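Only one structure is covered here, and it is reproduced in the block below.
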Amino acid sequence: EDQVTQSPEALRLQEGESSSLNCSYTVSGLRGLFWYRQDPGKGPEFLFTLYSAGEEKEKERLKATLTKKESFLHITAPKPEDSATYLCAVQSYSGAGSYQLTFGKGTKLSVIP
Amino acid sequence: GAVVSQHPSWVICKSGTSVKIECRSLDFQATTMFWYRQFPKQSLMLMATSNEGSKATYEQGVEKDKFLINHASLTLSTLTVTSAHPEDSSFYICSATDRNQPQHFGDGTRLSIL
């Protein structure tokens, strides 16, 4: 059974204070690791997909990295608008030609002005 | 980016009624759509996977007669919660993909059963 564990559960940062969010996973046949951002009362918004260990992707103040056991979402000089819950998910083959995502519980990030 | 529209965003109804939620992919043909349920401070839990033109595949513990899923076209899937009860109150979210891109999510439906 695929498992995804995110830490910390919640993180408070001062504006400009860089940090990292962790996503540890176990999966039978990784077909991609995904990071999403979710704002309160909204659906998840896609950020990144990583497929192989050593891969890195960047978008504005965010950078995602991947190893064989975990992924990190690095936030550089965050701004209050970066406040959200960040979700990590692993994709695996579910049979009958379909792939499915298994999500972690997320890290709630609060950036204080 | 890809847009997925979910409607309604919020519904309140009496116990025993049925509620239909629509999920539309607006700018791509969704070969597969997914339905999730999310409780406060919990992760998204997959309920079912729906491929266009075929029966949905339900996750273990999800009653297929309770949660009816229809994926009749490449742009529309519906979830009907039949004879809803207070324990069915939750945040329901759909997503869509065409296999060439990641799952894109709707903004969810907050369902409250009185």
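The values are calculated or read from the model by the stated rules, or taken from the named source; none is laboratory data. Just so we're clear, the structure is a prediction, and the values are computed from it rather than from any experiment. For neighbour counting, all protein chains shown are included, and Cβ atoms are generated from backbone atoms with ideal geometry for every residue, glycine included. The area values use the complete protein model at the heavy-atom level, side chains included, leaving out ligands, DNA and RNA. Shrake-Rupley method; radii C 1.70, N 1.55, O 1.52, S 1.80 Å.
In this structure, does B:ASN51 turn out to be facing chain A (nearest Cβ under 10 Å) and under 16 Å from B:PHE28 (Cα atoms)?
yes
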Does any residue in region A:88-113 that is within 9 Å of chain B (Cβ to nearest Cβ) come within less than 7 Å, Cβ to Cβ, of a residue that is in a strand (DSSP E or B) and open to solvent by 50 Å² or more (accessible area, probe 1.4 Å) six or more places away or on a different chain, and which pairs are these?
A:GLN91/A:TYR99; A:ALA96/B:THR57; A:TYR99/A:TYR93; A:GLN100/A:SER94; A:GLY104/A:THR5; A:LYS108/A:ALA10
Considering residues of region A:17-44 that are in contact with a Lys or Arg (Cβ under 8 Å, 6 or more places away or on another chain) and assigned to a loop (DSSP other than H, G, I, E, B) only, the residue surrounded by the fewest Cβ atoms within 10 Å (Cβ to Cβ):
A:GLY41
Tell me yes or no: at least one residue of region A:63-80 is farther than 18 Å from B:GLN42 by Cα, of a type in the set (Asp, Glu) and assigned to a strand (DSSP E or B).
yes
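Filter region A:30-78 down to residues that are of a type in the set (Asp, Glu) and on the phi > 0 side of the Ramachandran plot, then give me how many there are.
Going through region A:30-78 one residue at a time, the tally reaches 1.
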With the checklist (1) open to solvent by less than 60 Å² (accessible area, probe 1.4 Å); (2) in contact (Cβ under 8 Å) with a residue 40 or more places away in the chain in hand, flag the one item A:LEU47 doesn't pass.
(2)
Assuming B:PRO102 fulfils every condition listed in (1) modelled with pLDDT under 95; (2) under 13 Å from B:TYR36 (Cβ atoms) apart from one, which condition is it?
(2)
Looking across region A:36-51 at residues that are more than 8 Å from chain B (Cβ to nearest Cβ) and of a type outside the set (Asp, Glu), the single one that is nearest to A:THR65 (Cα to Cα) is A:LEU50
